[in-house]
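Participant: There's a structure below that I have some questions on.
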Amino acid sequence: MAVIGIIDYGMGNLHSVKNALDFLEIDNFISSDKEKLAASDALILPGVGAFPDAMESLHRDGLVDFIREQTKTKKLLGICLGMQLLLEKSYEVRECEGLGLISGEVIRITAPGLKIPHMGWNDLRFPRETPLTAGLSEGDFVYFVHSFRAELACEDDLAAYTEYGERIPAIIGSGNVWGAQFHPEKSERVGLQILRNFGGMIE
């Protein structure tokens, strides 16, 4: 049976993600140990906090090159800040290099007249069909908490978006690498379906 490794680098809702996977009866574990994570069939990179702090933690734990190497052969799902880390750089706090697994940048949400951070339930729209979004419907709601958003270099990497004063990429994907800007583990039925789909994508 496939096992998902949840990457522990000190920034993320690790146990909320684990509890959701446990509920779905998907085998998983939390670890910062590269040897243990390398033995998993897929990885999840959660994240809460500021982009530069997260990258500093990943570098400190020797996980940056490890993640880049692992995604050559196995699937990775980044969640919230974890999704943003997949991109090439961010301008949160200061300009900072990301993992560079998906082409694009992380920029501040403008959304004139609307409250920042973008916090709460918003509906999803799907420009294309993907394995990660199977079983979802146009208008399904998920839970967001963020002040920055992805600016993708390639439209083909956009799997879902929402509107909040501007278009907000909600699910992105390229090759083995996927990301959700919202929190699947807090998004009830829809979020569980996404995590179920991710588990089903593991070969």
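The values are calculated or read from the model by the stated rules, or taken from the named source; none is laboratory data. The shown structure was predicted, so the numbers you read here are calculated from the model rather than taken from an experiment. Cβ sites come from the backbone with ideal geometry, for glycine too, and all protein chains shown count toward neighbours.
Participant: Tell me, please, whether a residue that is under 16 Å from residue 146 (Cα atoms) and in contact with a strand residue (DSSP E or B) (Cβ under 9 Å, 6 or more places away or on another chain) can be found in the stretch 29-43.
Facilitator: Keep residues of the stretch 29-43 that are under 16 Å from residue 146 (Cα atoms), which gives none.
Looking for residues that are under 16 Å from residue 146 (Cα atoms) and in contact with a strand residue (DSSP E or B) (Cβ under 9 Å, 6 or more places away or on another chain), one finds none in the stretch 29-43, hence no.
Participant: Okay, moving on. From the list 34, 72, 18, pick out the single residue that is of a type in the set (D, E, K, R), touching a helix residue (DSSP H, G or I) at 6+ places or on another chain (Cβ under 6 Å) and modelled with pLDDT of 95 or more.
Facilitator: On the way: 72 fails: touching a helix residue (DSSP H, G or I) at 6+ places or on another chain (Cβ under 6 Å); 18 fails: touching a helix residue (DSSP H, G or I) at 6+ places or on another chain (Cβ under 6 Å).
Exactly one residue qualifies, and that residue is 34.
Participant: Pairs under 7 Å by beta carbon, first residue more than 22 Å from residue 176 (Cα to Cα) in the stretch 36-52, partner small (Gly, Ala, Ser) and in a loop (DSSP other than H, G, I, E, B), six or more apart or different chains?
Facilitator: Final answer for the pair search is 48/12.
Participant: Pick from 88, 92: which is over 15 Å from residue 8 (Cβ atoms) and either at pLDDT 95 or above or aromatic (Phe, Trp, Tyr) (or both)?
Facilitator: One residue alone meets the criteria, 88.
Participant: While we're looking at this one, here's another question. Do you know which residues across the stretch 116-140 are over 14 Å from residue 168 (Cα atoms) and not β-branched (Val, Ile, Thr)?
Facilitator: Those that are over 14 Å from residue 168 (Cα atoms) and not β-branched (Val, Ile, Thr): 128, 129, 131, 132, 134, 135, 136, 137, 138, 139, 140.
Participant: Continuing with the same structure: So which of 19, 28 is crowded, with 19+ Cβ neighbours inside 10 Å and in contact (Cβ under 8 Å) with a residue 12 or more places away in the chain? Step through it out loud before you land on a result.
Facilitator: Numbers: 19 fails: crowded, with 19+ Cβ neighbours inside 10 Å.
When all the criteria are applied, what remains is 28.
Participant: If you go through the stretch 108-122, how many residues are closer than 16 Å to residue 181 by Cβ and of a type in the set (Lys, Arg)?
Facilitator: Residues flagged as closer than 16 Å to residue 181 by Cβ and of a type in the set (Lys, Arg) within the stretch 108-122 amount to 1.
Participant: Residue 186 versus (1) closer than 14 Å to residue 80 by Cα; (2) modelled with pLDDT of 95 or more: which is the lone unmet condition?
Facilitator: (2)
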